[in-house]
1. Name the long-range amide H neighbours of residue 40: under 5 Å, sequence gap of 5 or more, or other chain; modelled H, no Pro or chain starts.
2. Could you look at the chain and say what percent of its accessible area is carbon and sulfur, using a 1.4 Å probe and all protein chains?
3. Within straight cross-link reach of residue 39, meaning Cα distance under 20 Å, which lysines are found once same-chain residues fewer than 8 apart are removed?
4. Work from the charge dipole of the chain (Cβ charges, +1 for Lys and Arg, -1 for Asp and Glu, about the Cα centre) and give the residue of 20, 66, 44 farthest towards its positive end.
5. For residue 33, list long-range residues whose amide hydrogen, built 1.01 Å from N in the peptide plane, is under 5 Å from its own amide hydrogen.
6. Let's test the formula: R0 of 30 Å, r as the Cβ-Cβ distance of residue 16 and residue 63. What FRET efficiency results, to the nearest 0.05?
7. In Å and whole numbers, how far do the C-alpha atoms of the chain stretch along each principal axis, longest first?
8. Karplus couplings for segment 37-43 from phi (6.51 cos²θ - 1.76 cosθ + 1.60, θ = phi - 60°), rounded to Hz, Gly and Pro as x?
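The values are calculated or read from the model by the stated rules, or taken from the named source; none is laboratory data. On a predicted model such as this, the values are computed, not experimentally measured, just so you know. Because the Cβ atoms are built from the backbone with ideal geometry, glycine has one as well, and the counts that use them run over all protein chains shown. To get the accessible areas, we keep the full protein, side chains included, count just its heavy atoms, and leave off ligands, DNA and RNA. Shrake-Rupley method; radii C 1.70, N 1.55, O 1.52, S 1.80 Å.
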Amino acid sequence: MNTIHSNKELHPTLQNYLDTIPLIHSMLPDLAIGLTDTKEWLAYFPGKKIDIGARPGTKINPQEPLADCIRRKVLINDEVP
């Protein structure tokens, strides 16, 4: 299920990413692709092999690596179990 949280006005840069994600996902369907702001999931496209269960409009779990990345303002690598 490809879902997008559409009740929110997005910054133009985020909107550009959102417009591009479906194309990227169509070329790499095994991967899950998501877009967030600093507080919640804006869009989520689960992959055939990877689905972390994120849903647009859901707050980012403070225990997840994504929250740590946002909080520390650094790039991180983490494996999805």
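1. 60
2. On the way: 3280 of 6010 Å².
The C+S portion of the solvent-accessible surface of the chain is 55 percent.
3. 8, 59, 73
4. The residue sitting most towards the positive pole is 66.
5. Placed amide hydrogens put 45, 47 under 5 Å from residue 33.
6. Here the calculated transfer efficiency is 0.50.
7. 32, 30, 20
8. Running phi through 6.51 cos²θ - 1.76 cosθ + 1.60 with θ = phi - 60° gives 9, 7, 10, 8, 6, 9, 8 Hz.
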